[in-house]
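The values are calculated or read from the model by the stated rules, or taken from the named source; none is laboratory data. None of these values were measured; they are calculated from a predicted model. Positions of Cβ are generated from backbone atoms using ideal geometry, with glycine treated the same way; all protein chains shown enter the neighbour counts.
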Amino acid sequence: MWLSGMLFSPLIGVVVLLCLPRKRGQLHRVMGLFGTLPPLLLAFYIAFQYNIQQGGIQFREHLPWFSIPLGQGQSWEFAYQLGVDGLSLSLIIMTVIITALAAIASFVIKKREKGYFLLFLLLEVGVLGVFCARNLFLFFIFFEITLVTMFFLVGIWGQVNRERAANQFLLYNGVGSALMLLGFIGIQSLFQTMDMDQLLGIMSNQQMMLALAHNEMAQRVLMGSFVCIVLAFAIKLPIFPFHTWMVKVHTEAPPAVVMIHSGILLKMGAYGLIRFGVELFPAQVKEIAFILAILGLINLLVGAVLAFKQTELRRILAYSSVSHMGIILFGIASLNLSGLTGAVFQTVSHGFISALLFFYIGRLYERTRTTDITELGGLAAPMPVMTGILLIGGLALLGLPGMSGFISEFLAFLGLFHTQPTIAVIGTMGLVFAAVYTLRAVLTIGYGPTEPRWQKLTDARWTELIPMLTMVGGILLIGIWPAVLGDPIQSTLTQIVARIGG
Amino acid sequence: MSDFAWCIPLFPLLASLLLTMGARRYSDGVASLIASCAVFISAAISIGVLMETLNTVVPTVHHWRWLSFGDQSITVGAEVNQLNALMLVIVSLVSFLVHRYARGYMAGDRRMATFYAYLSLFTFSMLGLVISPNLLQLYVFWELVGVCSFLLIGFWFYKPEAKRAARKAFILTRIGDVGLFIAVILTFWQVGSFEWEAIFAAISANKIPPEMITLIALLIFVGAVGKSGQFPLHSWLPDAMEGPTPVSALIHAATMVAAGAYLVARAFPIFAASDVALGTVAYVGAFTAIFAATIGLVQNDIKRILAWSTVSQLGYMMLALGSSGYVAGIFHLTTHASFKALLFLAAGAIITMLHHEQDIRRMGGLWKSQRRIGWLFLIGCLAITGIPPFSGFFSKEEILTAAWLSGRVDLFLVGVVTAFLTALYIFRLFFLVFMGEERGKIAPSQIPRVMIWPMVLLTIPAIGAGFLAWIPAHGFSDWLTKGTGILAAPQGEAPGWIPLLTLLLSLAGVGVAWLRYGRGAVTIPSQSQSVTGIHHLLSRAYFVDDLYRWGIGKPYRWLSILLSWVDQQIISGIVSGVGALFQAGGRIGSRMQNGQAQTYALVSLLGLVIVIVGLTAGRWFG
């Protein structure tokens, strides 16, 4: 029951918050922060209990939930099934850390705090559920929870154009989840189950697949389901040109929410692509590997070029996220171990990097009331420490060795060079482009002469420094000692690659 | 001692961490002391390691597992061989002297501790680079030295020129690094390992197709071109002079920029297996050497002249390596490190003396008042010009011999002409600064002793390093190549007239410089006088920067504007249209402020409808 405990532990905070009087803003904020601690502790406990040598899915939970009778004594059974392996556990650890730090960043929320932190903690339940679920239907439910909570977090607590952003968010993601559901139902109708383990067994069963191959209708449904699922996660990742909503959310949502959005929620797209695309449909993924690589290339280069044009720091980072998701696609498209390892590394690495940078943005905005880089400049003079953090974040963003981003880029390119060398060569231009837009942003903000109005800015306080250094620590830890993340995910990825067959 | 080689880089790293964490707490003296002590320990161990390699030739390698995927295991570690040991000593010694010197040069700067933190971090990275036993680890440190260089060029962050120079350095070297990046990956898929040993073994066993070897070698060279400021990625190096002068001495003259030459030397068996690659290295090197030397003739900023000279001298090293003159290249790297560091430190002393005046047109006549600096600078000039017995003579002579023996007469001639140009531009600098009347308006101030003695120590190798070539029975080249299977130099008998010719041309260069600039009576063309033709071409460095601006920079900006327009107008436009349609129908947004419950109900309802539709639709396939 450890997993369920961890997964629903943010609800403790929810219950306490509900009992608190309405007007006590500070109390709500503190309680919101405390609410993120039980999942943090439990997740680390589970991670330490997880047996890396043994690998595979551990901490399984299985409860029958409900069934839909179909007549003639048949029925569709739905079950509550949880379980984690190294892959999902890595993402869970990332989630609980970033959520706790985002709760600290949320201290600047000065309006309807109670509702904010209620939704915030519910969002965490949803995300953790997404990474724990071993049943497609359950996965879908948790996925929907993240959608609804996020919709309100953007729409109520965002910037001026928050409602437009929230609507666009809902529009895109609504279409996405409809597609996902369609795909899942296709699978259900074909195989009469939504149990991940059963499905994995069926999909790797040669005879079963041969039998399917003769049924044209079934083939069509299978391919249709696969395409639906890939599209659903492509919107979430997002893949160009489905990125508009995500740029809007980056710009309009409060920075603390963007930490979660950019750091964690986008990664559900990557996780979904790996878990339900590559792992479940090895044969079909092979067919679209080339398309995925092309899409990755477009994301990588177009995102970087667009990032260069922006003047709003949040938009720069939004397009930089588009560009970095291209690396994930590269890793997935290479369909080999180094590539997939790179994709997972990028998932976790980018989580920490963008969370760090949006934490910085939140703190910067508190001081300057603007994050337009044309208005900023020379901030290293009044704020050497804050600017140092920005510099570290920027260097991590452009993939400096010694930081997490390098490992993921290197492994993804290593993988892709083996299978699609031409695309990979073109893709390396992205390394230069990334340096161009990152340095433009970092140097414009930090370097140059300081305008008089910025000379009185205060540097980082300890309460800001500790969260930022935590994320810097994560980035450096993965960069310097990559085995800390590489070892736990190996058994899962090795199995996935074995399913693809080389 | 070699067993502890892996901890050589760690002392500067530790110092850097200490200084970063307590940047505001340390006084200038303490900060300088921490950093200098750390580098001193590294230097001491490095010398011990070098002593050991004099007797044993078996490389010592240490490995630790770093990351595994599948059955592949990537390791990190430390390797000590002759080349690495030599580089360790060069880097740590020059770094130590520069650390001490900077105490005087940077006096009064509020961010002294930060400066030393960066400087130590650089030393760590550079030492880590030279002990890397594999290509991936080398790439990691390769990038780290690049970033330290970037940080130090932009150390005076409030200066717009420093900001621009730092960005330029980072981006141009990164373009080169992409080449190296691809080379690392290609090598892995060819060899199945990043280890140098495995790579060399695969090459000698003919396991890699020849075209692939050429491709890998050329890509490695692209990395070296970026780092060592070779044409066409050279233009960041002169701009890098915006950094503090100790940085120019350490990073942009003696060590980091030489990393490109080191890389080619380290990967020499790969180059040696491909004539195309060797030829490319030689031609690019020779072209860069003469190209930069001509530009150096007309510059007026004392540091920029030295920077162009560095580009030119690095070209010499590449010319040597490309002509199979393995030892000659490394030899010149060694001598150049000492005399160029000396020249930069002396230039820094002059700049300090004149209160940050860098324009040589406003100097002059310093010999009378500043005899001590004058001598130090003169020793550097004689060494780079190649007047015996100063070190540059010996290494340059070996390079030209290698070029001659490799059978490329054109390259040999370019090398000889460059020797003449070198003498000309460096003595133009010397005479304009030290001879004639004083053109400056400020009275020179005194130089603190902490800046003098590092220069005095540097004169020892600047004068004496050349005699390495005179160790009986080719001691130096035998030692350097023992056990590596690399030929020390191209086969053949070196003609005796080469050193004589070089010497005569160098003297001619000094003579011309004396006639034109030495007697003090010559008026210096001031900016008001129109400079046209060749002079303009040279002073603008052949318009390479303008070419980049209009050929790459602007088009990239236009591309970004175009794509941005497509993104805003077309992609977002379609979405906004659809979104507006939805909004008109549902008016979801307006409800959000006042009617949470209703909105939530609506959203949930939407979800439920989807679920029900989905479930019933599913039955059709059942």
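Within the set B:ILE399, B:ILE447, B:ILE452, the sole residue that is among the hydrophobic types (A, V, I, L, M, F, W, C) and buried (at least 24 other Cβ atoms within 10 Å of the Cβ) turns out to be B:ILE399. Scoring B:SER204 on the criteria (1) modelled with pLDDT under 90; (2) closer than 26 Å to A:SER338 by Cβ; (3) hydroxyl-bearing (Ser, Thr, Tyr) leaves a single failure, condition (2).
For the stretch A:47-66, a residue qualifies if it is surrounded by 12 or more Cβ atoms within 10 Å (Cβ to Cβ) and in contact with a strand residue (DSSP E or B) (Cβ under 7 Å, 6 or more places away or on another chain), and the qualifying residues are A:TYR50, A:ILE57, A:GLN58, A:PHE59, A:ARG60, A:GLU61, A:HIS62, A:TRP65. Just wondering, is there one or more residues in the stretch B:257-270 that are surrounded by 24 or more Cβ atoms within 10 Å (Cβ to Cβ), of a type in the set (Gly, Ala, Ser) and at positive phi? No, that holds for no residue. Would you pick out the residues in the stretch A:445-471 that are within 12 Å of chain B (Cβ to nearest Cβ), buried (at least 20 other Cβ atoms within 10 Å of the Cβ) and part of a helix (DSSP H, G or I)? Across the stretch A:445-471, the qualifying residues are A:ILE445, A:GLY446.
Output the helices (runs of 4 or more DSSP H) that fall wholly within the stretch A:158-222 and possess 1 or more residues being within 10 Å of another protein chain (Cβ to nearest Cβ), or say none.
On the way: elements: A:162-191, A:196-203, A:206-213.
In the stretch A:158-222, A:162-191 are the helices (runs of 4 or more DSSP H) which contain 1 or more residues that are within 10 Å of another protein chain (Cβ to nearest Cβ).
Please indicate, with yes or no, whether at least one residue in the stretch B:39-55 is part of a strand (DSSP E or B), touching a residue at least 60 places away in the same chain (Cβ under 8 Å) and farther than 18 Å from B:LEU119 by Cα. Show your work before the answer.
First pass over the stretch B:39-55, keeping only residues part of a strand (DSSP E or B): none.
Taking every residue of the stretch B:39-55 in turn, none turns out to be part of a strand (DSSP E or B), touching a residue at least 60 places away in the same chain (Cβ under 8 Å) and farther than 18 Å from B:LEU119 by Cα.
Look at (1) more than 24 Å from A:LEU306 (Cβ to Cβ); (2) free of Cβ contacts under 8 Å to residues at least 24 places away in the same chain and you find that A:PRO241 fails only one, number (1).
Residues in the stretch A:485-500 that are within 12 Å of chain B (Cβ to nearest Cβ) and of a type in the set (D, E, K, R): A:ASP487 alone. Just to verify a result, which residue in the stretch B:140-157, among those that are touching a Pro at 6+ places or on another chain (Cβ under 8 Å) and in a loop (DSSP other than H, G, I, E, B), is farthest from B:LEU263 (Cα to Cα)? Within the stretch B:140-157, the match that is farthest from B:LEU263 (Cα to Cα) is B:TRP156.
Table: residues versus (1) under 16 Å from A:GLU464 (Cβ atoms); (2) surrounded by 23 or more Cβ atoms within 10 Å (Cβ to Cβ).
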site	(1), (2)
A:LEU335	no, yes
A:THR341	no, yes
A:TYR360	yes, yes
A:ALA381	no, no
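Can B:LEU144 be described as aliphatic (A, V, I, L, M) and either buried (at least 23 other Cβ atoms within 10 Å of the Cβ) or in contact (Cβ under 8 Å) with a residue 60 or more places away in the chain (or both)? The answer is no for B:LEU144.
Look through the stretch A:472-484, keep the residues that are in contact with a helix residue (DSSP H, G or I) (Cβ under 7 Å, 6 or more places away or on another chain) and more than 9 Å from chain B (Cβ to nearest Cβ), and return whichever of them is surrounded by the most Cβ atoms within 10 Å (Cβ to Cβ).
A:ILE475
Go over the candidates B:PHE170, B:PHE194, B:PHE155, B:PHE115 one by one and state the one that is modelled with pLDDT under 95, outside the structural domain of B:HIS234 (by TED's automatic domain parsing) and closer than 28 Å to A:PRO421 by Cα. After applying the criteria, what remains is B:PHE170.
Could you list, in sequence order, the residues of the stretch B:140-164 that are more than 7 Å from chain A (Cβ to nearest Cβ) and under 14 Å from the mean Cα position of the chain (by Cα)? Quick ask: steps written out before the conclusion?
Quick first cut of the stretch B:140-164, residues more than 7 Å from chain A (Cβ to nearest Cβ) only: B:141-142, B:145-146, B:148-153, B:155-156, B:159, B:161-162, B:164.
Correct list: B:PHE141, B:TRP142, B:VAL145, B:GLY146, B:CYS148, B:SER149, B:PHE150, B:LEU151, B:LEU152, B:ILE153.
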